[in-house]
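Taking it in order: structure first as structure tokens, then the write-up.
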Amino acid sequence: MDQLNRMATELVDEALDFADELGIAEYRLDNEATVLDFGVEHSGGVEAGLMLTEIQTAGLASVTSRLASVGNASIPHVELTTDHPAMALLASQKGGWELAVDDFEGLGSGPARALVAEEDIFDRLGYAEAFDFAVLTVESDSLPTDAATVQVADLAGVGESGVFLPAYATASITGSVSAAARAGELATYRLFELGYDPADIHSVSGSAPVAPVAGSETAAMARTNDAVAYGGEVHLTVESAFDRFEELPSTASEEYDQPFAAIFEDADWDFEELPADVFGPAKITVDVIGGETTVYGETNEDLLVESFEL
């Protein structure tokens, strides 16, 4: 398998070739770093969100959309499947890079994290990369600055001209699509946190509704989390049984049945104060190879209808 950043760089090149069709734009900064606007000042869209997710997973996941009902409304849903969950979801897609430089702040996800490899995930996986290009997708309501790209270059060990930052706001179509595509990632990371060997997770499929775009970043953050926690469904194919599978879905959290707007407000928007299990998908089916297939959790359509203001 090629390095994650190599595969993601090829997808960035593809996105640039179809920038007009995707509704995105390229900005070459003074230091020759490249910012791609997937949904900050440009509109982006569903296809842009699917492409962004492919970049975030370094091309190791199949990402599609479909229509399904939430209440009496037809809502796009994102489906993601990967047979490389440790690499695609943990080493690449997971958001784990707090990018804060001067007046710019954003949350980074994508394969550039493997060039730094300081998170516990990479110790457990025994994985790190060294490559000439770094691809970090950035969730922010403003476009990354020169200073932000310098920080990425320094930490990733690449030249500034080798930095590629696809950026998008949470309150955008692209942001809603990207969030819905994280149902499988959240289940996989929760299983990792509980002590399950990620090498024993063979295949992950996830689905969640694409939340209608909210009027602010904070409202969008709450609504996109509702989409996964109350509408997300995941199927895991795993090697062996585990006595903590029931802790995977959001139904295991004491905060279950509360909209995320209330959960975040109660925590004063300090995410470090929130328990990890609050971010699980709603319903998880675990298929143990040669063993049982068990369903944990359930979706909550009524809460989604309320959150989406349908």
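The values are calculated or read from the model by the stated rules, or taken from the named source; none is laboratory data. Worth saying up front: this structure is predicted, and the values here are computed from it rather than measured. So basically every Cβ, Gly included, is an ideal-geometry build from the backbone, and we count neighbours across all protein chains shown.
Would you pick out the residues in region 37-52 that are under 19 Å from Gly231 (Cα atoms) and surrounded by 24 or more Cβ atoms within 10 Å (Cβ to Cβ)?
Residue satisfying the conditions is Gly49 alone.
Is there a residue in region 54-63 that is at pLDDT 95 or above, assigned to a strand (DSSP E or B), of a type outside the set (Ser, Thr, Tyr) and touching an Asp or Glu at 6+ places or on another chain (Cβ under 6 Å)?
Yes: region 54-63 contains one or more residues that are at pLDDT 95 or above, assigned to a strand (DSSP E or B), of a type outside the set (Ser, Thr, Tyr) and touching an Asp or Glu at 6+ places or on another chain (Cβ under 6 Å).
Provide a single number: the residues in region 247-263 that are farther than 17 Å from Leu304 by Cβ and crowded, with 20+ Cβ neighbours inside 10 Å.
Qualifying residue count for the region: 1.
Output the residue which, of all residues in region 69-119 that are part of a strand (DSSP E or B) and without any contact (Cβ under 8 Å) to a residue 12 or more places away in the chain, is nearest to Pro144 (Cα to Cα).
Ala100
Per-residue answers, yes or no, for (1) within 23 Å of Ala114 (Cβ to Cβ); (2) free of Cβ contacts under 8 Å to residues at least 40 places away in the same chain:
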| position | (1), (2) |
| --- | --- |
| Asp20 | no, yes |
| Ala25 | no, yes |
| Glu32 | yes, no |
| Val40 | no, no |
| Val46 | no, no |
| Ser65 | no, no |
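Restricting to region 243-274, name every residue that is out of contact with any strand residue (DSSP E or B) (no Cβ under 8 Å at 6 or more places or on another chain) and either under 16 Å from Ala187 (Cβ atoms) or modelled with pLDDT of 95 or more (or both).
Asp243, Arg244, Glu247, Ser253, Tyr256 - these are the residues of region 243-274 that are out of contact with any strand residue (DSSP E or B) (no Cβ under 8 Å at 6 or more places or on another chain) and either under 16 Å from Ala187 (Cβ atoms) or modelled with pLDDT of 95 or more (or both).
Consider Arg244 against the criteria (1) crowded, with 23+ Cβ neighbours inside 10 Å; (2) out of contact with any His (no Cβ under 8 Å at 6 or more places or on another chain): it satisfies all of them except one. Which criterion is unmet?
Every condition holds for Arg244 apart from (1).
Would you mind stating whether Gly71 is surrounded by fewer than 18 Cβ atoms within 10 Å (Cβ to Cβ), out of contact with any Phe, Trp or Tyr (no Cβ under 7 Å at 6 or more places or on another chain) and under 21 Å from Ala220 (Cβ atoms)?
yes
Table: residues versus (1) closer than 21 Å to Tyr256 by Cα; (2) surrounded by fewer than 22 Cβ atoms within 10 Å (Cβ to Cβ).
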site	(1), (2)
Gly162	no, yes
Leu165	no, no
Gly175	no, no
Glu193	yes, yes
Ala211	yes, no
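If you take the residues of region 190-227 that are among the small types (Gly, Ala, Ser) and touching a Ser or Thr at 6+ places or on another chain (Cβ under 7 Å), which of them is farthest from Glu139 (Cα to Cα)?
In this case the residue turns out to be Ser203.
Among the residues of region 122-140, which ones are aliphatic (A, V, I, L, M), in a loop (DSSP other than H, G, I, E, B) and buried (at least 18 other Cβ atoms within 10 Å of the Cβ)?
Answer for region 122-140, where residues must be aliphatic (A, V, I, L, M), in a loop (DSSP other than H, G, I, E, B) and buried (at least 18 other Cβ atoms within 10 Å of the Cβ): just Leu136.
Filter region 145-182 down to the residues that are polar (S, T, N, Q) and touching a Ser or Thr at 6+ places or on another chain (Cβ under 7 Å), then identify the one that is nearest to Ala128 (Cα to Cα).
Ser178
Could you tell me how many of the residues in region 275-302 are modelled with pLDDT under 95 and not in a loop (DSSP other than H, G, I, E, B)?
Matching residues across region 275-302 total 4.
Which residues, taken from region 1-50, are at pLDDT 95 or above, in contact with a Phe, Trp or Tyr (Cβ under 6 Å, 6 or more places away or on another chain) and assigned to a loop (DSSP other than H, G, I, E, B)?
Within region 1-50, Gln3, Ile24 qualify.
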